[in-house]
Amino acid sequence: MSKTVETEGALETRGIEQVPDHERTGRTRELFPTWVGANISVLLLTMGASLVVAYHLNIWQALVVAVAAPVVSYGLVGLIGIAGKRGGAPGMALSRAVFGQRGNLLPGSLIWVARWGWETINAVTGAYAMLSILEILFGIKANSVLDMVTLLVFVVATFAISGLGINAVQKCNKYATYFFGAFSVLVLVYLAVKTDWSKVMDHSAGSTAAVITGIGMIAAGGVSWIPTAPDFTRYLPRTASSKAIVGTAVGGAGVVVLPMVLMGAVMAVATPDLASATDPVSFLGKILPTWIAVPYLFIALVGMLLINSMSMYSAGFTAQTLGFKVPRHWAVSVNAVISLVFGGVLMLVATSFMGSFIAFLSLLAVAFSAWVGVFGADMFRRTEYDGRAMADTSRTSAYWYKGGFSPAAVAAWAIGLVSGLMFTTSDWFTGPLAKNNLIGEYGLGWVATIVISGVLYMVLPKPRIEAPAGAEEAARADGTAESVSGRTGGQATAAV
C-alpha cells in the first residue's frame, strides 16, 4: 500500500508522523483482506456456541446476532477509519488534536494497557492451536513446558510480522484470506452433511434480551479495533471514498463473523460443552475429521498470528504517542514481552478460558469506547489534522490548548468511562447501575459509554479548530465539508 518502503517485504520505518500526500497511494479495496484477517479466529466458533449453550438462542436468532454484530462494530471501525485518510496518521496520533498533547496520554495509556490483554488472549489461543496440531498429528500431550514453548514461538512470530510493518501485515492478510475462505467452505459442507438438522431446527428460541446479549458480546471484539482503524487508512489519498472505507470494514468482517458464529452454533448442538471448554481450540480435532481439522487448525493459527500482528503493529504507535523514544518496530517489542508474560499466567493458572475471555471483552470494549465517543463526535467538526501540531509536543503546539489538555475532551472521556463501567456487568466486575438494566445486564455497557462521552463532548465548550494551510482544498477532496475556516480560528463543521 505504501511507497515509504522500496519493496513489499521491507521494514516500514515511518512512525506516528503524518504521511506526505505523495506517499499516500493506497486503495480502499486493499482494506478488505485487512479486516478479514482481523477476524480469522476460532474464538468466534466458541462464541457462536455460547449463543446456544449459555444464552439458549436458536439458529435463527444466532443468525440475527451474526449479522448485526459486525455491522454495528465494524461500521464504527469504518467511520473512524475516515479520520486516517483525512489526517494521514495513526489513530492515537490524530487523537492529540482532540485531547491535547498531554490530555491524549490519559486515553492512550488506557488503550495501550487494554491491548496487553487483547494480545494475551490472541497469543494463548494461537498457542492452543499449535498444541492441538501436535496432539492430533504426533500424539504429543500438552504440559507446562510445552505450553510455554508454543506460546514463545507464537509471540516471536507475531513480533517478526508486526515489526516489519504494514506491507508485511497486509500481504499476509491477503493470502490468509484465500486459504481461510477455501477451508471454511469445506468445513461448512462437512457440517451440512453430518449435522442432525432436525435437532438444530428444533432448538427452542431464547429471549430478546439474550439476543441483545449475543450482539453485545460478539460486537465487543470489533469495538477493540476502532481506535486503530486510522492506522490502516493513513496511506489512503484524501480523495478516497468514505463509503468504501466503511463498506470494506463491514464486508471484510462480515464474511468471517457470519459463517463462523453460525458454525459454532451448529457445532454446539452436537457438543454442548464446547462453550465452556478450558481449551477453546482442541474441540475442532474432536468434531472434524483429521484431514479437515489439521489444515483448519493451521489456518486458525495463522489467523490468530495475523490478528496479534495487527494489534501489536498499532500498539507500537500508541507507545510512541505516550513518549517512548524508540523506533516503531522496537516499540512493538514491549507488547510482545508483556503478552508472553501474561499469556503464561493465563495458560497455567486460568481454569475457564472462555469465561475469562468474555469478562475481559466487556471491560475492554468500555475502555476503548470512551475514546471512540469523543473522537467520533470531534469528527463532525474537524475535516483536517495539522501534522506539525501533532508532532510538536511542546507549548508551541496548536494542540496544546490549556496546559496541554482539551478540558471538554478529557472531561467527556472520563465521565463516559466511569458511566459506562457503572452500566457494565461481567464475571470480574458489576457496576451499580447494571442490575435490571437492559444496556448493562446484557453486555452493551460500551454502547452507553460511546453515547455518554460523545454527547457530553458535543455540548461542552471546546477549543477553536485552527485549520492548517490547505484545509479548504482537503475538505473539498474529502467531499464531506460544509464549511472550513481559515487560520484565523473559526470552527470547521462537517458531516462524517
* Averaged per residue, what accessible surface does the range 28-354 expose to a 1.4 Å probe, in Å²? -> 33
* Heavy atoms only, probe 1.4 angstrom, no DNA, RNA or ligands counted: give me D392, D21 ranked by accessible area, highest first. => D21, D392
* Using Cα pairs under 8 angstrom and six or more residues apart, how large is the relative contact order of the range 84-163, in percent? -> 20
* Relative to the compact globular guide of 2.2 N^0.38 Å, what is the alpha carbon radius of gyration of the range 61-130, as a ratio? -> 1.47
* **the range 214-247 versus the range 19-76: alpha-carbon centroid distance in Å** => 11
* Give me the lysines in straight-line cross-link reach of K286: C-alpha distance below 21 Å, same-chain residues under 8 apart excluded. => K141, K194, K199
* Asked: Of the heavy-atom accessible surface of the range 28-354 (probe 1.4 angstrom), what whole percent is carbon and sulfur?
  -> 73
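The values are calculated or read from the model by the stated rules, or taken from the named source; none is laboratory data. The shown structure was predicted, so the numbers you read here are calculated from the model rather than taken from an experiment. Keep in mind that these areas ignore ligands, DNA and RNA; they rest on the heavy atoms of the full protein, side chains included. Shrake-Rupley method; radii C 1.70, N 1.55, O 1.52, S 1.80 Å.
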